[in-house]
1. Which one of these does B:Ser2 not meet: (1) surrounded by fewer than 17 Cβ atoms within 10 Å (Cβ to Cβ); (2) in contact with a Leu (Cβ under 7 Å, 6 or more places away or on another chain); (3) under 26 Å from B:Leu131 (Cβ atoms)?
2. Considering each residue of the range A:96-123, count those that are at pLDDT 85 or above and polar (S, T, N, Q), and give that number.
3. Read through the list (1) assigned to a helix (DSSP H, G or I); (2) open to solvent by less than 50 Å² (accessible area, probe 1.4 Å); (3) in contact with a Lys or Arg (Cβ under 9 Å, 6 or more places away or on another chain), then give the number of the only condition that B:Ala120 fails.
4. Please determine whether any residue of the range A:250-262 is closer than 20 Å to A:Thr205 by Cα, open to solvent by 70 Å² or more (accessible area, probe 1.4 Å) and modelled with pLDDT of 90 or more.
5. B:Leu88 fails exactly one of the following numbered conditions: (1) over 30 Å from B:His18 (Cβ atoms); (2) assigned to a helix (DSSP H, G or I); (3) within 18 Å of the chain's Cα centre (by Cα). What is the number of that condition?
6. Tell me, which residue of the range B:43-63 that is more than 8 Å from every other protein chain (Cβ to nearest Cβ) and either in contact with a Phe, Trp or Tyr (Cβ under 8 Å, 6 or more places away or on another chain) or part of a loop (DSSP other than H, G, I, E, B) (or both) is surrounded by the fewest Cβ atoms within 10 Å (Cβ to Cβ)?
7. Residue by residue through the range B:148-162, note down the ones that are closer than 15 Å to B:Gly19 by Cα and open to solvent by less than 50 Å² (accessible area, probe 1.4 Å).
8. Check off (1) of a type in the set (A, V, I, L, M); (2) in a helix (DSSP H, G or I); (3) open to solvent by less than 20 Å² (accessible area, probe 1.4 Å); (4) within 14 Å of chain A (Cβ to nearest Cβ) for B:Ala135 and give me the number that stays unchecked.
Amino acid sequence: MDGCDFQGSEKGLFFGHKPGEKNIPCGMDWQLMIPGGAGIPPRAWAEAREIRLRAGQPVTVCCGDRLEQGRVRLTAQEVTWAAQALCRHGLAARQEEMSRGFIPLPGGQRLGVCGVMSGGVMKEITSLCLRLAREIKGAGETVYPRIKGQNTLLLGPPGTGKTTLLRDLIRLYSLDGLPVGVADERGEIAACRDGAPQLDVGPMTDVVTGMERSQAFLLLIRAMAPRVVAADEMGTPRDMEAVRQAVRCGVTVLTTAHGASLTDIRRRPGLKRLLAEGAFQRAVILSEVGQPPRVEALGEREKET
Amino acid sequence: MSIWLALAAGVVCAGAGHGSARYLSAREERLAAWETGLSCLEGMLRRGGGELPGMLRRAGEKLPALLMLADRLEQCPAAPPERLTEGLPRDPLLEEKEMEALLSCLPALFSPDGESQLSAVSRSWEEAARLRTAAREGKEKNSRLYLRLGYLAGAAAFIMLC
């Protein structure tokens, strides 16, 4: 654009509208569509798991165990511009997704949106939470041989990589030639866009996106004859019933749940009942980022508990 | 010598008359292109919209201002709307206030609210239709007049100079 200042940086181009004003980054890389990024070291962008923009606050980059903040406070307009940029200026066409609270983006990223709703329409955006998909192929290789063919529950606190591990286990099952059905309600597992998964879930995987998990489980079992069904964060009574139906049909179930340990899980009536019924034979417990997951055999022990 | 000069003067006057008539036709065609483009954009928004650069390219096939805005959105998606819309090319056949009216919907296109986008584009479309109607009426009224004046002036110049 004529009269614009472009500064080169190791991450790409930044577009500054006038000397002294806040740098508004631009470029095709999502990292560069976040305003107010000046002051955040490049390493933080590379390690970022979440980027939060809030009106009146500096941009915050969450890198696992630490936070990095920008130097300048953002305006509500800048937060809205960032949302528009991330959605290629198609926000108005994504009102339904916004009313559900999140918008899936290319590359498996997920944009959480918060703001002023009026008449079911988001009129003003005041907060954004960009969650970055981490695809780590091979994350499940040590775990897979120990859980293959067993109904498995992946446990861990938020941010420990349950979804990343789930995705890789789905991929491994699929590479083994087993048809896998994935109930991907929020689009975080396969990140489908225009019908195609953007993250690698294997060649034999069928994905249902945007449908309530328990319904999607049953649809997959009826329609796609999977050998394995997988979903993220099953915890409602309907989810539990769907897991029971899958187990009764002889389909291997792979799912995740929030919880630091089996003790945590046993405090939740729905999951406790499923464990007592012997629905799950394996638990994979993720405790901290970077620590290898621990595989525990269930079944007999749970029935005795 | 003087006959050639007279002939040249006659041709120039007739040519001026033709030129004025063509100018009126060309203005109407440009306004028709704007009306069609804005109608296309309005239709896409009514059907649910989509990504703005794509919509602008489809609507702005013959409209350099919209095509340039689409390019800028793709090159600098996070730039503020006022920078994206500044310095867009003007149509040489249209007056500045006409261009302002036609481009008045652009700021609303950056809103996250589809209703705001649609109502702004609808207003610009109506304005384009009104300007085109006025241009067509002006062309019908004045085009023949300019042609005849051109011929008359040409003939008068020829006679006077001979």
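The values are calculated or read from the model by the stated rules, or taken from the named source; none is laboratory data. In this text, all values refer to a predicted model and were calculated from it rather than measured experimentally. Don't worry about glycine lacking a Cβ; one is built from the backbone with ideal geometry, like all the others, and counts go over all protein chains shown. Heads up: the accessible areas ignore ligands, DNA and RNA and are worked out on the full protein's heavy atoms, side chains in. Shrake-Rupley method; radii C 1.70, N 1.55, O 1.52, S 1.80 Å.
1. (3)
2. 0
3. All conditions pass for B:Ala120, except number (3).
4. Within the range A:250-262, none of the residues are closer than 20 Å to A:Thr205 by Cα, open to solvent by 70 Å² or more (accessible area, probe 1.4 Å) and modelled with pLDDT of 90 or more.
5. For B:Leu88, the exception is condition (2).
6. Restricting to residues being more than 8 Å from every other protein chain (Cβ to nearest Cβ) and either in contact with a Phe, Trp or Tyr (Cβ under 8 Å, 6 or more places away or on another chain) or part of a loop (DSSP other than H, G, I, E, B) (or both), the top hit is B:Arg47.
7. B:Gly150, B:Ala153, B:Gly154
8. Exception for B:Ala135: condition (4).
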